[in-house]
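Single-structure report; data block below.
Bear in mind these aren't lab numbers, they're just calculated from the coordinates by the rules spelled out. If you're wondering where the values come from, they're calculated on a predicted model, not measured in any experiment. Reconstructed Cβ throughout: ideal geometry from the backbone, glycine too, with neighbour counts over all protein chains shown.
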Amino acid sequence: MTGNNLVADTNIFIDLMKGDESISQKLESCNDVYISPIVLAELYFGAYRSANPEKHLIKMTSAIQKCRLLTIDATTAELFVTIKLALFTKGTPIPENDIWIAASAVQHQLPLYTSDKHFAEVADLFLV
């Protein structure tokens, strides 16, 4: 799953749906763009709590249509715990959803495309 592939974070899709052309170009240049089920859930949550869920669901579906969905399994769960304990020990916690996203990227040896700086605290996570 390596090469010109990446996992896109929630904020990337939000900016893409707002029309950020640089993100669109970056994603189009990839062989495969992966999405964590956690990112998918965050996007659904945002769409359903918006003033116009139908409009946002259509935008969301369009933004993720070519993405490949990662799975969460026992390996992901173990990586989640490893990352969470390391962050706890360092005194640099990050949101739990982001730990799941990081664990998925680490598990599949894929870089994470995000604008959230706190992901830099996660060991063995490559960021783009």
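Taken over the stretch 99-127, residues that are within 20 Å of THR71 (Cβ to Cβ), in contact (Cβ under 8 Å) with a residue 60 or more places away in the chain and of a type in the set (D, E, K, R) amount to 0.
Within the stretch 39-85, restricting attention to residues that are free of Cβ contacts under 8 Å to residues at least 40 places away in the same chain and of a type in the set (Lys, Arg), the residue that is farthest from MET17 (Cα to Cα) is LYS84.
Looking at LEU125, LEU79 in this structure, which one is in contact with a Pro (Cβ under 9 Å, 6 or more places away or on another chain) and either farther than 15 Å from ASN11 by Cβ or in a helix (DSSP H, G or I) (or both)?
Sole residue among the options that is in contact with a Pro (Cβ under 9 Å, 6 or more places away or on another chain) and either farther than 15 Å from ASN11 by Cβ or in a helix (DSSP H, G or I) (or both): LEU125.
Only one entry in ILE83, ILE35 is touching a strand residue (DSSP E or B) at 6+ places or on another chain (Cβ under 7 Å), closer than 17 Å to ASP116 by Cα and of a type in the set (Val, Ile, Thr), namely ILE35.
Scanning the stretch 83-103 for any residue that is buried (at least 16 other Cβ atoms within 10 Å of the Cβ) and among the hydroxyl-bearing types (Ser, Thr, Tyr) turns up nothing.
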